[in-house]
Amino acid sequence: MNIAFFITPKSEVKYVYEDWTMRQAMEKMEHYRYTAVPILNQEGKYVGTLTEGDLLWKLKNMKQLDFNQTSKIMLQDVPLHTRSQAVSINDDIENIINTSLTQNLVPVMDDLGIFIGIIRRREIIEYLTEKVQNYKNEKISIGE
């Protein structure tokens, strides 16, 4: 099965750039009510996934807890506590399913390593649910 069927294209994905500030990222995440967003570099390559937890840990570990400082801290200076694995557009569905077991979203790259979109866990669960339902219907029609 072609994984392109599952992809939410980059044009529909909310993401941030590694040279953005914490404040810019927080405002975007708040506006769209996302708990995690992909981070890209200026060449469009996937760098990592920023989570609310990453931002909270950075705030906690600042010498002075001052929200105004977030406009001076670059995202590349925010440690990511979870390393989200990206997949290639050419990967097989089994690898995508395995990757999604530990990630809410799976970043997808093209052959040049450029970020082209994400696959959400929801699409994978819907696909697997449909497969199970088709299997059950097949068993019923055979008379088992």
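The values are calculated or read from the model by the stated rules, or taken from the named source; none is laboratory data. Because the structure is a prediction, the values reported are computed rather than measured. Don't worry about glycine lacking a Cβ; one is built from the backbone with ideal geometry, like all the others, and counts go over all protein chains shown. These area figures cover heavy atoms from the full protein model, side chains too; ligands, DNA and RNA do not enter into them. Shrake-Rupley method; radii C 1.70, N 1.55, O 1.52, S 1.80 Å.
Summary table below
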{"item": "Positions within the range 101-121 being touching a strand residue (DSSP E or B) at 6+ places or on another chain (Cβ under 7 Å), buried (at least 19 other Cβ atoms within 10 Å of the Cβ) and modelled with pLDDT under 95, in sequence order", "result": "105"}
{"item": "Filtered residues of the range 36-77 (kept if touching a strand residue (DSSP E or B) at 6+ places or on another chain (Cβ under 7 Å) and of a type in the set (A, V, I, L, M))", "result": "36, 37, 39, 40, 47, 50, 73, 74, 75"}
{"item": "The range 64-88, subset in contact with a Lys or Arg (Cβ under 7 Å, 6 or more places away or on another chain) and not in a loop (DSSP other than H, G, I, E, B), residue most open to solvent (accessible area, probe 1.4 Å)", "result": "71"}
{"item": "Count of residues meeting criterion [in contact with a helix residue (DSSP H, G or I) (Cβ under 8 Å, 6 or more places away or on another chain) and open to solvent by less than 30 Å² (accessible area, probe 1.4 Å)] in the range 89-100", "result": "3"}
{"item": "Subset of the range 7-54 that is touching a Ser or Thr at 6+ places or on another chain (Cβ under 9 Å), in a strand (DSSP E or B) and not polar (S, T, N, Q) - its residue that is nearest to residue 104 (Cα to Cα)", "result": "36"}
{"item": "Number of positions in the range 22-35 that are open to solvent by less than 80 Å² (accessible area, probe 1.4 Å), free of Cβ contacts under 8 Å to residues at least 24 places away in the same chain and out of contact with any strand residue (DSSP E or B) (no Cβ under 8 Å at 6 or more places or on another chain)", "result": "0"}
{"item": "Residue match in the range 5-21 (condition: surrounded by fewer than 19 Cβ atoms within 10 Å (Cβ to Cβ) and modelled with pLDDT under 95)", "result": "yes"}
